[in-house]
Amino acid sequence: KSVVARRIVLEITFPEGVQPRRFLGRPDAIEGRTARIEFSTLAGDQNREVLVSCGLDPAKFDKQARLAEVSVTWDDSTGTAKDRQELNRKVVVNLTDNAAEAKKSLYAEVAVQAEIYRNADAADKALALADSGKKEEADAIFGSQIEKLRAAQTAAPAAQQAVLEREIEVLEESQQGLSEAGLSKTSRKRLQWNLYQRRNAKTIEPAPKK
């Protein structure tokens, strides 16, 4: 895989009235009204994706809200600083009091991805509980997440149903490999693989089974 960009920096600035909460599935990268994430490299056939959760104060806006300004800077494949590139975009949404209209505007693909990132946060917590010998608490989280992903799967676009099924399989294997001593070696490896990809904002690829 050939590298096409190095030292990629994503910076998001939120205006007054928009409160950033957290990046889903990633360590917190928010300070005040600015969020910043860095990637060391990007390959030509590689995707990077991040989802950020934020709150909106409707009293600050009328019919339209500017959610954020996004800036991406990067070096070319050689890593030469003098050739650093930059791309800037504004994120704007329309506001409505009509619940049906708001629901209709929902991007199903993004909603599914958000659920997958939330699952990564919960699975990470379950892994920590399993490592500390809290089998029942870890098992409860795995079970709850399986139910949530099954519910999301019923409304997911066809292309994403397989992705959700893969996530569910990892959680079910984690449940089966759970004991008082923690997770089995195989279960831990598959779970950590998914968590690693989410922390690095990568599209999930199945971990090899052994």
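The values are calculated or read from the model by the stated rules, or taken from the named source; none is laboratory data. Treat the numbers as computed from the prediction; the structure is a model and nothing was measured. No Cβ is skipped: glycine too gets one built from the backbone with ideal geometry, and neighbour counts run over all protein chains shown. Side chains are part of the model used for accessible areas, which takes the heavy atoms of the whole protein and leaves out ligands, DNA and RNA. Shrake-Rupley method; radii C 1.70, N 1.55, O 1.52, S 1.80 Å.
Observations on the structure shown:
- Taking amide H positions as modeled 1.01 Å from N, with prolines and chain starts lacking one, no residue 5 or more places away or on another chain lies under 5 Å from Val50.
- Remark: accessible surface ordering of Arg89, Arg198, Arg7 (largest first) is Arg89, Arg7, Arg198, probe radius 1.4 Å.
- Gap separating the Cα centres of region 153-180 and region 126-146, nearest whole Å: 15 Å
- Sequence-ordered 3J(HN,Hα) estimates for region 128-145 from the Karplus curve with 6.51, -1.76 and 1.60 and θ = phi - 60° stand at 5, 5, 4, 5, 8, x, 8, 4, 5, 5, 5, 4, 5, 5, 4, x, 5, 5 Hz, glycine and proline given as x.
- By average C-beta atoms within 10 angstrom, highest first, the peptides 93-106, 156-169: 156-169, 93-106
- Too-long pairs where the Cα-Cα distance tops 31 Å, listed order kept, from Lys103/Lys189; Lys60/Lys148; Lys148/Lys185; Lys103/Lys134: Lys103/Lys189; Lys60/Lys148; Lys103/Lys134
- With the whole protein complex present, Thr73 retains an accessible surface near 30 Å², based on a 1.4 Å probe.
- Over the chain, relative contact order from alpha-carbon pairs under 8 Å, at least 6 apart, %: 20 percent
- Cα-based helix-to-principal-axis angle, 158-176 vs the chain, degrees rounded to 10: 40 degrees
- Sum of side-chain charges, Ala151 neighbourhood, beta-carbon under 15 Å (Lys, Arg +1; Asp, Glu -1): -1
- Fluctuation leader among Gln85, Gln175, Gln113 - the chain, Gaussian network, Cα springs under 10 angstrom: Gln85
- Area of Ser179 that stays accessible when all protein chains are in place (1.4 Å probe, Å², to 10): 50 Å²
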